[in-house]
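J.: Just dropping this structure here.
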Amino acid sequence: MKKSCLSFLVITVTLSSFLLSQTGNLSGVVSSDGQGLPGANVVLEGTSFGAAADAEGAYFVSNIQPGEYTVTVTYVGYTELSQVVLVNSGETAQLDFQLTLSPVSMDEVVVTALGIERASRAIGYKVDQISGQDLRRTPATNIVNALSGKTSGVLITSSGGQPGASARIVIRGESSINGENQPLFVVDGVPIANNEDPIPGIHPLGGGTTATNRAADIDMNNVESISVLKGSSATALYGSRASNGVILITTRKGEAGKFRINYSTKQRFDTAIIDGTQQMYHSGDAGKFAVFGDAASGAWAESAFEGGGGWYDISWGPKRGEESAEVKSHYNGKVPFNNHADDFYNGKMGTLKEHSIGFSGGSQDQTYLVNTTWIDQIGNMPGSSLEKLSFNARVQQNIFNDIESATSLSYINTKTAGPHPGGWNSPERVMRLWPATKEAKNWQNDDGTVVTAGGGYQDSPWWYAENMLQHSEVDRYILSQTLSYNFNNWATLTERVGVDKYVDTRGEHENLRPRVGGSGSVFSQKLSRSEINNDLMLFINDVKLTDQITLNGLVGSNVNIQDYSHNALNGITQNIADFFHESNYTTVTASEYESKRRLYALYGELALDYNDIFYISLSGRNDWASTLPKNNNSYFYPSLNLSLVFTDLLGFGMDSPLYFGKIRASFANVGSDAPLYSLGSTYESAYFGQWYEANSQAIQFPYRGQAGYMASNSLGNPNLKPEMTTDTEFGMDLRFFRGRLKLDFGVYNRTTKDQIYATPVPSGTGYTSMIRNAGEISNKGTELSIEAIPFESNDFTWTIRANYGKNKSEVVELAPGVTRLYIAGYSWPSIQIEKEHGYGVIFGYGYKRNDNNEYLIGSDGWPIVADGQVVIGEIQPDWLGNFLTNFRYKNHTVSALIDIRRGGDVLNFNLNYTIRAGTAKITEDRGSTHVWPGVNETTGQKNTVELTKDRTFYTRYGLQHENQVEDGSFVKLRELAYSYRFPQSIVEKTPFSSLSFNLSGRNLWIDTDFSMGDPEANFMGTDNGSQAYYWWTPPPTKSYNFGLDIGL
């Protein structure tokens, strides 16, 4: 039996080799501007042979009978190209294609709501498309950060440069007072969670922490393209959660043809962008040298010193290099001076290693793609790290002639660890206050004593990095299954089911502190969030009503189920150092939380096309939401969009300078349901104490075996109705000179009424606020996009792209008697919504001004402090812009992306402390004089009083909130990249089918007046108003990357 099998195998192999030797193969690369075009369709005319290009644009067709063939390549948005090739027996013919952008792009399609592909000429709203290649040009671990500078009207803010930092994205301004203002993320038609899930029960300002926004789980190596849906008309079919826009992600899929392997690797190096700390003056006061604290902390002062420190050391000593002889003698001529921020963040460069391998292939009836990516990141902050493993698979198949199936599965495991990323209990705080003279890195002496500051109340930042740590491990599954049944060539029934579930096991601990009052604590939590989404849709496609009118349409239903739960333990008063089990704490309390949310919907769309010139689309959706009252939980919203290709109507030809012009218009309503459990009053475990006090020993129930609950301060409302957004948009799409220049201009007006938020009520009611419908916010803006090809030839191409967006937010109305609402910060200073100045104004103590906006100066030469808190800044940027230029010379490609933000103030609350401590960079000009611009309050004459900038001056200056507000404008070199694709003549001599390498940098240069070096960071994560609150935030980073891509 074995002998027969062996004989059969030998015969089979021999026969196969003979047959294969009678055929030939065809290979090559399809590219444009030096970039491969993944998915380009390659067909040998008159045969069934063909292939699709892989991620690098390479294709391979095997087992071709010898002969001459016409080979045609097509790719959406590019001009079709055909070439003739001779295929010889036993050989592989090489045929490359260099495609050019289609001048008319009549068949250009974009991915819209529900994953529907539409001709761009047919839609009446703006959709921005970003390719996966653009996304991966410079590596970022968070897909939200990777979108920075890629489109217009999109504001992105990161919470810092540490591994796992969250990022916030807002499209066309904030429209909800207390609701979600970020867009919905959709992957292959399935909504997924982008929650941040901060630690509950611990307010971030009191030492808690933000977490990673979960869109960061998406593997960018698996992304084919992203559509940014901005207007409500574009997103209405997705319902309530899409009222702020949609980030629509399409993942890569396999292509029929040869089995392919693609491997890529990246190595990244990060340095922290550090600024804001003075490097000129020693610890001390009045120009005299002193190191504060005890003997273990190196305390010593020169004999002329008078005074003492406080709860933090002060740096008002002598200038570096101008120390007295006594000081130099004490230190044997080498007076210590440290750059703690540079030592802490850049003592070792941050690194990131990435390896990604993918397998793809299939036949005409079935294709598959499997991709795995592993990332290992070590942050610039000591002890910080991220490790992520992603597995993605997508299979598409024709089960029968009329039934198609698409299945995708992603599993992501993400581990993060490190010190607190920001806030009061972060190493960033103590480091920015720690005097340069005092040792910090070697915080423990040989005899076991420790170096502290502030009279023993402040530990070294390196102690924080080693002893106050948090950790998280997330397991996430995203599954989607789509089945489509084609009744005929114009009717298709589609069922799509998606599941998104993740479990986050996380915790944090604070070791017993060597300083005064450090008792140690531990926190552990396991949270689970899941979402099931089901859409049943009937599509009507290309039905000819007349010779000139074509109908498309759909009707569908949606079921969305969201569940969340967590269980947590919190232990305080640690007994044994370095042991972080709950049993090692004197008091341990438990908490749990559970929420459920349900939404059901029916929707439909009807689209008519007149002669490929005029298009009209009507849609409507009705939601039933579980968070609204049963008798008022149904709400309907319609949308309408129009498109007119006026150049076709007027008979403009290809030879006309303006060969394509489209006018678009859209109108839509979109509803938003209420926050969870807003219909009635709720109860919570009772506690007493102040969360904002460091090491506050708050009493938390159960206490000494006794349970205790207290009513929420906010009164629920059983009569709530949905928020409703009305959105109108007008625009033009113009294309000139056979595709060499494209202009897109649009204006929009979005108004959200019946806002749901807590409004103040008299304290006599027993509550401080009541949830109600009240208020109206308007966002009006303009957007402009320009694409141009100044020069193009076979060997050299230069392309440019520019985007501009301006949004103006207006608070039209608040609840009766309410003039402003808190959204971030302390009670003072704070970021609030104010009717007169709009969404996101900074309130705090400022100075009086006259009608000419001049300071009113007192007799002492200082501006007069205003009565009460006043508006001292506005956080919304005046406008956003970006500019991309790309040069291709043969196989070399160079690109640069400039990102611009103009306007938008930042509350830099670091300055409240660092100015007074003498560590802020602004205090380096001490000893100089200053005359406040303005007029004397009494005489009206120009102020001429000179003030000396000493500690007294800066103490008074630093306490005034107006002096803590800085301009957040910047011009940034967001990306700089170079890539080289090896010629096929070289590659064919290797085992590979394609080979390229790339060099890139991110955030390499910035021009800004912000004192900390880069205003594009915040402490509050994805919270509303967070982009303007800078408080002990870890610095952003600049990155340098080398990458290699190999195809097999």
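J.: Among the residues of region 690-709, is any under 22 Å from P675 (Cβ atoms), of a type in the set (S, T, N, Q) and touching a Gly at 6+ places or on another chain (Cβ under 9 Å)?
T.: no
J.: Please give the number of the condition A215 fails out of (1) more than 30 Å from V42 (Cβ to Cβ); (2) at pLDDT 90 or above; (3) surrounded by fewer than 22 Cβ atoms within 10 Å (Cβ to Cβ).
T.: (3)
J.: Testing W463 on (1) touching a residue at least 60 places away in the same chain (Cβ under 8 Å); (2) assigned by TED's automatic domain parsing to the domain that holds G379; (3) over 30 Å from N195 (Cα atoms), one condition comes back false. Which one is that?
T.: (1)
J.: Residues being out of contact with any His (no Cβ under 9 Å at 6 or more places or on another chain), farther than 23 Å from G39 by Cβ and not in a loop (DSSP other than H, G, I, E, B): count how many of those fall in region 249-283.
T.: Adding up the residues that qualify gives 7.
J.: State whether one or more residues within region 415-434 are at pLDDT 90 or above, touching a Pro at 6+ places or on another chain (Cβ under 9 Å) and part of a loop (DSSP other than H, G, I, E, B).
T.: The answer is yes; a qualifying residue exists.
J.: Now, a different point. Condition test on M710, is it of a type in the set (A, V, I, L, M, F, W, C) and under 30 Å from the mean Cα position of the chain (by Cα)?
T.: no
J.: Please note which strands (runs of 3 or more DSSP E) are completely contained in region 36-93 and include at least 2 residues that are more than 28 Å from L369 (Cβ to Cβ) and among the aliphatic types (A, V, I, L, M).
T.: Result: 81-87.
J.: Another question, then. Could you list, in sequence order, the residues of region 572-588 that are among the polar types (S, T, N, Q) and buried (at least 17 other Cβ atoms within 10 Å of the Cβ)?
T.: Q574, N584 - these are the residues of region 572-588 that are among the polar types (S, T, N, Q) and buried (at least 17 other Cβ atoms within 10 Å of the Cβ).
J.: Checking E495 against (1) part of a strand (DSSP E or B); (2) crowded, with 17+ Cβ neighbours inside 10 Å, only one condition comes out false. Which one?
T.: Every condition holds for E495 apart from (2).
J.: Among strands (runs of 3 or more DSSP E) lying entirely in region 561-664, which contain 2 or more residues that are among the basic types (K, R)?
T.: Because the criterion is at least 2 residues that are among the basic types (K, R), the strands (runs of 3 or more DSSP E) in region 561-664 that meet it are 585-610.
J.: Right, something else. How many residues are small (G, A, S), under 30 Å from K721 (Cα atoms) and free of Cβ contacts under 8 Å to residues at least 60 places away in the same chain if we restrict to region 646-679?
T.: Total meeting the criteria: 0.
Residues checked against (1) within 16 Å of the chain's Cα centre (by Cα); (2) modelled with pLDDT under 90:
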site: Q182; (1), (2): yes, no
site: D197; (1), (2): yes, yes
site: G201; (1), (2): no, yes
site: M220; (1), (2): yes, no
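J.: Could you please tell me which pairs satisfy a Cβ distance under 9 Å, a separation of 6+ or placement on different chains, a first residue in region 125-151 that is within 26 Å of A668 (Cα to Cα) and in the same structural domain as I786 (by TED's automatic domain parsing), and a second residue that is part of a helix (DSSP H, G or I) and among the acidic types (D, E)?
T.: Qualifying pairs under 9 Å: K150/D134.
J.: Considering only strands (runs of 3 or more DSSP E) fully contained in region 837-895, which possess at least 1 residues that are out of contact with any Pro (no Cβ under 6 Å at 6 or more places or on another chain), among the basic types (K, R) and touching a residue at least 12 places away in the same chain (Cβ under 8 Å)?
T.: Once the strands (runs of 3 or more DSSP E) in region 837-895 are filtered for at least 1 residues that are out of contact with any Pro (no Cβ under 6 Å at 6 or more places or on another chain), among the basic types (K, R) and touching a residue at least 12 places away in the same chain (Cβ under 8 Å), what remains is 879-889.
J.: Regarding region 230-248, can at least one residue be identified that is surrounded by fewer than 23 Cβ atoms within 10 Å (Cβ to Cβ), not in a helix (DSSP H, G or I) and not hydrophobic (A, V, I, L, M, F, W, C)?
T.: So far as region 230-248 goes, no, none of its residues is surrounded by fewer than 23 Cβ atoms within 10 Å (Cβ to Cβ), not in a helix (DSSP H, G or I) and not hydrophobic (A, V, I, L, M, F, W, C).
J.: Residues to consider are L959, L976; find the one that is in contact with a strand residue (DSSP E or B) (Cβ under 7 Å, 6 or more places away or on another chain), in contact (Cβ under 8 Å) with a residue 24 or more places away in the chain and aliphatic (A, V, I, L, M).
T.: L976
J.: Hey, another quick one. Does any residue of region 284-301 turn out to be in contact with a helix residue (DSSP H, G or I) (Cβ under 6 Å, 6 or more places away or on another chain), surrounded by 14 or more Cβ atoms within 10 Å (Cβ to Cβ) and modelled with pLDDT of 95 or more?
T.: Scanning region 284-301, I find at least one residue that is in contact with a helix residue (DSSP H, G or I) (Cβ under 6 Å, 6 or more places away or on another chain), surrounded by 14 or more Cβ atoms within 10 Å (Cβ to Cβ) and modelled with pLDDT of 95 or more, so the answer is yes.
J.: Moving on to the next point. Just a yes or no: is a residue in region 759-776 under 25 Å from the mean Cα position of the chain (by Cα) and crowded, with 19+ Cβ neighbours inside 10 Å?
T.: For region 759-776, residues under 25 Å from the mean Cα position of the chain (by Cα) and crowded, with 19+ Cβ neighbours inside 10 Å: absent.
J.: Looking at region 411-423, I want the residues that are hydrophobic (A, V, I, L, M, F, W, C) and have a partner that is in a strand (DSSP E or B) and surrounded by fewer than 24 Cβ atoms within 10 Å (Cβ to Cβ) with Cβ atoms under 7 Å, at least 6 apart or on another chain. Which pairs are those?
T.: I412/K388; I412/S390; I412/R476; A417/S385; A417/L469; A417/H471
J.: Can you tell me which residue within region 998-1028, out of those that are over 30 Å from V965 (Cβ atoms) and not small (G, A, S), is surrounded by the fewest Cβ atoms within 10 Å (Cβ to Cβ)?
T.: So the residue we want is L999.
J.: Follow-up question, since we're still on this one. Out of V522, V555, V559, report the one residue that is buried (at least 18 other Cβ atoms within 10 Å of the Cβ) and in contact (Cβ under 8 Å) with a residue 40 or more places away in the chain.
T.: Sole residue among the options that is buried (at least 18 other Cβ atoms within 10 Å of the Cβ) and in contact (Cβ under 8 Å) with a residue 40 or more places away in the chain: V522.
J.: Please pick out the residue among L947, L995 that is buried (at least 16 other Cβ atoms within 10 Å of the Cβ), over 29 Å from D275 (Cα atoms) and more than 29 Å from the chain's Cα centre (by Cα).
T.: None of the others qualify; the one that does is L995.
J.: Would you confirm whether any residue within region 308-330 is under 42 Å from the mean Cα position of the chain (by Cα) and farther than 25 Å from L433 by Cβ?
T.: No, region 308-330 contains no residue that is under 42 Å from the mean Cα position of the chain (by Cα) and farther than 25 Å from L433 by Cβ.
J.: Next question, about the same structure. Out of (1) among the hydrophobic types (A, V, I, L, M, F, W, C); (2) surrounded by fewer than 17 Cβ atoms within 10 Å (Cβ to Cβ); (3) farther than 30 Å from Y637 by Cα, what's the single condition that is false for V812?
T.: (3)
J.: Regarding region 570-579, can at least one residue be identified that is at pLDDT 95 or above, within 30 Å of K501 (Cα to Cα) and not polar (S, T, N, Q)?
T.: no
J.: A further question follows. Out of all the residues in region 291-302, is one or more hydrophobic (A, V, I, L, M, F, W, C), assigned by TED's automatic domain parsing to the domain that holds E924 and in contact with a Ser or Thr (Cβ under 7 Å, 6 or more places away or on another chain)?
T.: For region 291-302, residues hydrophobic (A, V, I, L, M, F, W, C), assigned by TED's automatic domain parsing to the domain that holds E924 and in contact with a Ser or Thr (Cβ under 7 Å, 6 or more places away or on another chain): absent.
The values are calculated or read from the model by the stated rules, or taken from the named source; none is laboratory data. All figures in this text were calculated on a predicted structure; none of them were measured in a lab. Positions of Cβ are backbone-derived with ideal geometry, glycine not excepted, and every protein chain shown enters the neighbour counts.
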